[in-house]
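Peer 1: Just dropping this structure here.
A short reminder: the numbers here are calculations on the coordinates, not readings from a lab. Note that this is a predicted model, so its numbers are computed, not measured. Using ideal geometry, Cβ is built from the backbone for each residue, glycine included, and neighbour counts are taken over all protein chains shown.
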Ligand SMILES: CC(C)(COP(=O)(O)OP(=O)(O)OC[C@H]1O[C@@H](n2cnc3c(N)ncnc32)[C@H](O)[C@@H]1OP(=O)(O)O)[C@@H](O)C(=O)NCCC(=O)NCCS
């Protein structure tokens, strides 16, 4: 009788420190990025937040990812043409196949160096393979008190997100004619 081949056991995923995937992006705000007041467009900032967050998460998982959620986003100060926009992304928590990243946005005046925080966002990414199947991700190694506190806060935000998602439950499968 032919023997069934046993799948080779998956190698354990090594925990990674938040510092190993921390990402900083710096860009000058150009006229093409701005509204008629000369301030960077909110949509451009959101795009950069998504990119910075995704890079940090890719560095943590080294897999393909999709954005599952972006928490409420506020713009505290405008960033004007000629200023630098700085985005700092750091993974705050990793679960089985999803992870949360914090992205802080700063403006920096090129002539004075004055730096201000303009936004803070939390995004959740899910690790997938090319067929869209969820993939396990490395645990996050929490060493400092700051990292442990951020991870605790991330647990609370995750609970809120999953609650919000379940409240959308029926809508997720409703098809409205002409819309998708
Ligand atoms: C995100 C997505 C893969 C989740 O698929 P799903 O079948 O609902 O997945 P599951 O319920 O099995 O959840 C998978 C993981 O994602 C997490 N997750 C899913 N949706 C989430 C949300 N809205 N907020 C937070 N976490 C979420 C789950 O908690 C779970 O995490 P865990 O494995 O670490 O415990 C799916 O909804 C999707 O493909 N959405 C579209 C993504 C997209 O197009 N993004 C924009 C372009 S990249």
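Peer 1: Would you kindly identify the strands (runs of 3 or more DSSP E) lying entirely within segment 67-180 that contain at least 3 residues that are within 21 Å of the chain's Cα centre (by Cα), near the ligand (Cβ under 10 Å from one of its atoms) and surrounded by 11 or more Cβ atoms within 10 Å (Cβ to Cβ)?
Peer 2: In segment 67-180, 98-108, 115-128 are the strands (runs of 3 or more DSSP E) which contain 3 or more residues that are within 21 Å of the chain's Cα centre (by Cα), near the ligand (Cβ under 10 Å from one of its atoms) and surrounded by 11 or more Cβ atoms within 10 Å (Cβ to Cβ).
Peer 1: Between residues in segment 97-114 that are farther than 19 Å from residue 155 by Cα and in contact (Cβ under 8 Å) with a residue 40 or more places away in the chain and residues that are within 16 Å of the ligand (Cβ to nearest atom) and not in a strand (DSSP E or B), which pairs lie under 9 Å by C-beta distance while being six or more apart or on different chains?
Peer 2: Listed pairs, sorted by first residue: 105/48; 105/49; 105/52.
Peer 1: Quick one: is residue 56 within 16 Å of the ligand (Cβ to nearest atom) and in contact with a helix residue (DSSP H, G or I) (Cβ under 7 Å, 6 or more places away or on another chain)? Give the steps one after another, and end with the answer.
Peer 2: Details: within 16 Å of the ligand (Cβ to nearest atom): yes; in contact with a helix residue (DSSP H, G or I) (Cβ under 7 Å, 6 or more places away or on another chain): yes.
Considered against the rule, which asks whether it is within 16 Å of the ligand (Cβ to nearest atom) and in contact with a helix residue (DSSP H, G or I) (Cβ under 7 Å, 6 or more places away or on another chain), residue 56 comes out as yes.
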